[in-house]
1. Among Ser58, Ser94, Ser67, which is modelled with pLDDT of 95 or more, within 24 Å of Gln19 (Cβ to Cβ) and of a type outside the set (Asp, Glu)?
2. Considering each of Ile9, Ile22 in turn, give the residue that is under 18 Å from the mean Cα position of the chain (by Cα) and surrounded by 15 or more Cβ atoms within 10 Å (Cβ to Cβ).
3. Can you confirm whether the range 83-104 contains a residue that is without any contact (Cβ under 8 Å) to a residue 40 or more places away in the chain and of a type outside the set (Asp, Glu)?
4. Under 6 Å between Cβ atoms, which residue pairs at least 6 apart in sequence (or on different chains) link something in the range 40-66 that is among the acidic types (Asp, Glu) with a partner that is modelled with pLDDT under 90?
5. Pick from Lys189, Lys162, Lys175: which is surrounded by fewer than 18 Cβ atoms within 10 Å (Cβ to Cβ), more than 20 Å from Ser139 (Cα to Cα) and outside the structural domain of Leu118 (by TED's automatic domain parsing)?
6. Could you give me the residue pairs with C-beta distances under 8 Å whose first residue belongs to the range 161-178 and is farther than 17 Å from Gly151 by Cβ, whose second residue is more than 10 Å from the ligand (Cβ to nearest atom) and not charged (D, E, K, R) wherever it lies, and which are 6+ apart or on separate chains?
7. What pairs come up if the first residue lies in the range 185-200 and is of a type outside the set (Ser, Thr, Tyr), the second is more than 14 Å from the ligand (Cβ to nearest atom), and their beta carbons are under 6 Å apart, counting only those six or more places apart or on different chains?
8. Quick one: Ala48 ticks every box in (1) at pLDDT below 90; (2) surrounded by 17 or more Cβ atoms within 10 Å (Cβ to Cβ); (3) of a type in the set (A, V, I, L, M) except a single one, so which number is it?
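The values are calculated or read from the model by the stated rules, or taken from the named source; none is laboratory data. Just so it is clear, the model here is predicted, and its values are computed rather than measured. Here the Cβ positions follow ideal geometry from the backbone for every residue, glycine too, while neighbour counts run over all protein chains shown.
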Amino acid sequence: MRLYKTEVIVLRDYDLGDQDKIVIFYSRRYGKIKVIAKGARRIKSRFAALVQPPSYDSVVIHKATRSGLDTLSECKINYPFIGIRKNLLRFAYSCYLAELIDKFLEEEQPNSHLFELLVKTLFCLERIRKQNLTLLMRSFEIKLLKILGYGLCLSRCINCGKERGKIQFLFISIKLGGLLCGDCQKEDKNRLEVSKKTVLLMDYLLCSSLKKTVQQSFDKAIEIELEAILKKYLSYQLSREIITSRFICTSEKLELKHPII
Ligand SMILES: [Zn+2]
């Protein structure tokens, strides 16, 4: 019997027949993996409560001998993130993090830095004040892009190489993935204007820990500009819309009507 152990975050799950579930994990040692959790749909199943997103578990998985999916053999919860699950807006954000990981990565591409980033972001998401949640998401996005090799070039014009300090008006090329100077922006129809303060915020988010970042507060207009840039850049890199953005919008509206925290 071939078994392997790893720590995982539950990204999502869906039903398989009347009894079982397919669970997508992001694991520390093996990257994204898809397994069958047998009997997980039954109320009394030992797996039922453990394979719900965004739980942080330690698992033992039985490797499939031929083609077919691996099977969950043992599962122990490390941290259930009850605070996230109990709050619709925080849960919507956790689904957003999971969607980014799920869409950016193919199966079995391990990256311990990304796993650590996801775990730390979830712990912050569970604990921080509601006002800091959006900044936490921007910080995660920027760090994720850097780790995966899609980081925006912010030090100079990505087209001609002119240093940022010598550029009067800054633009961002979504297609090229970096800053453009006033001359080069003319050739990019989809370029976005970006303020110097927003570029400084991106520098800050890249260099600072999540914990330190979420203790700061920044001008809301700058955060909104950054959100728009990253949203376009992430969708461009993924070549598709990020579906959970809509879930976040709905949750924000409900939160405004019925504030819980
Ligand atoms: Zn240029």
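1. Just a single option satisfies the conditions, and that option is Ser58.
2. Values: Ile22 fails: under 18 Å from the mean Cα position of the chain (by Cα).
When all the criteria are applied, what remains is Ile9.
3. Within the range 83-104, the subset without any contact (Cβ under 8 Å) to a residue 40 or more places away in the chain is 85-86.
Now drop any that are not of a type outside the set (Asp, Glu), which leaves 85-86.
Checking the range 83-104: at least one residue is without any contact (Cβ under 8 Å) to a residue 40 or more places away in the chain and of a type outside the set (Asp, Glu).
4. Partner pairs satisfying both residue conditions: Asp57/Leu50.
5. Lys162 is the lone residue from the list that is surrounded by fewer than 18 Cβ atoms within 10 Å (Cβ to Cβ), more than 20 Å from Ser139 (Cα to Cα) and outside the structural domain of Leu118 (by TED's automatic domain parsing).
6. Between residues of the range 161-178 that are farther than 17 Å from Gly151 by Cβ and residues that are more than 10 Å from the ligand (Cβ to nearest atom) and not charged (D, E, K, R), the close pairs are Glu163/Ser155; Phe171/Leu192; Phe171/Val194.
7. What qualifies is Asn190/Ile174; Leu192/Ile229; Lys197/Ile222.
8. In the conditions (1) at pLDDT below 90; (2) surrounded by 17 or more Cβ atoms within 10 Å (Cβ to Cβ); (3) of a type in the set (A, V, I, L, M), Ala48 misses (2) alone.
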